[in-house]
Amino acid sequence: MKIAEGNEAAFRQFFDQYNKRLYSFVEQLTKSGADAEEIVQESFLKLWINRASLPAIDNPGNYIYTIARNKTIDHIRKVGRDQKLLDQVWSNMSGADHSMEEQLRMQEYQQLVDQALAQLPVQKQTVFRLSREQGLSHDAIAARLGLSRSRINNILVETLKFIKNYLRQHAALLAIACWIDGGNRFF
């Protein structure tokens with residue numbers, strides 16, 4: 001196979017042959033165009049990086065679908081873990097009967113979430129707040145905003161991904177603040 005030999009033209013031809021079909025396949029599974037595009041790119045990149053193993057592959061078309069399927073499954077698992085983590089943070093922030101220290105920490109988390117949300121378009125902020133603060137279902141939000149349920153789902157996935165990344169970037173600062181605050185109890 002020419003791709004295994006590093007032939008970029010052959011790779012481009014293979015890419016052109018499978019790109020759109022692979023994108024549709026992944027988008028059906030993820031319900032997100034942005035995620036599908038990223039997964040398809042990662043799949044072709046993996047194929048190119050591992051091109052030396054292609055001579056042992058009987059059907060390269062099936063192989064690229066297998067790569068994309070596995071990457072999609074990994075992505076869905078990761079989104080699920082991230083969703084659980086964000087739900088736990090959100091639950092902790094909205095829970096009652098916390099000590100003063102915990103309440104301050106929750107206020108700091110809430111400020112970070114609010115800062116992250118402020119960087120997003122109004123529509124994404126609205127969808128997130130209707131879901132998280134008012135507890136509306138995806139169907140109820142879709143009806144209220146005149147959007148499809150799948151669009152609401154995509155917006156929430158994208159918003160949660162953004163907030164998670166924002167929290168991750170600022171978590172070190174928050175941890176240092178908590179550590180400093182915790183250290184003050186000893187002085």
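The values are calculated or read from the model by the stated rules, or taken from the named source; none is laboratory data. Quick caveat: nothing in here was measured; it's all calculated off a predicted structure. Methodologically, a virtual Cβ is constructed for each residue, glycine included, from the backbone with ideal geometry; neighbour enumeration extends over all protein chains shown. We work out accessible area using only protein heavy atoms, side chains counted, and drop any ligands, DNA or RNA first. Shrake-Rupley method; radii C 1.70, N 1.55, O 1.52, S 1.80 Å.
Observations on the model:
- The lone criterion from (1) over 25 Å from Gln28 (Cα atoms); (2) at pLDDT below 85 left unmet by Ile76 is number (1).
- For segment 25-41, the count of residues that are over 25 Å from Phe162 (Cα atoms) and either touching a Phe, Trp or Tyr at 6+ places or on another chain (Cβ under 6 Å) or without any contact (Cβ under 8 Å) to a residue 24 or more places away in the chain (or both) is zero.
- Residue within segment 11-29 that is touching a helix residue (DSSP H, G or I) at 6+ places or on another chain (Cβ under 8 Å) and charged (D, E, K, R) present: yes
- Segment 24-45 - residue that is part of a helix (DSSP H, G or I) and hydroxyl-bearing (Ser, Thr, Tyr) and, of those, farthest from the chain's Cα centre (by Cα): Ser24
- Single residue of Ala143, Ala172, Ala118 found to be within 17 Å of Glu108 (Cα to Cα) and modelled with pLDDT of 85 or more: Ala118
- Taking the criterion of being under 15 Å from Tyr23 (Cα atoms) and either modelled with pLDDT under 90 or open to solvent by less than 60 Å² (accessible area, probe 1.4 Å) (or both), the residues of segment 44-61 that qualify are Phe44, Gly61.
- Checking Gln13, Gln107, Gln88, Gln41 one by one, the residue that is open to solvent by 90 Å² or more (accessible area, probe 1.4 Å), at pLDDT 85 or above and within 30 Å of Ile152 (Cα to Cα) is Gln41 and no other.
- Unmet requirement for Asp82, which otherwise passes all of (1) modelled with pLDDT of 75 or more; (2) among the acidic types (Asp, Glu); (3) open to solvent by less than 90 Å² (accessible area, probe 1.4 Å): (1)
- Every condition in (1) aliphatic (A, V, I, L, M); (2) within 17 Å of the chain's Cα centre (by Cα); (3) open to solvent by less than 40 Å² (accessible area, probe 1.4 Å); (4) at pLDDT below 85 holds for Leu112 except the one numbered (2).
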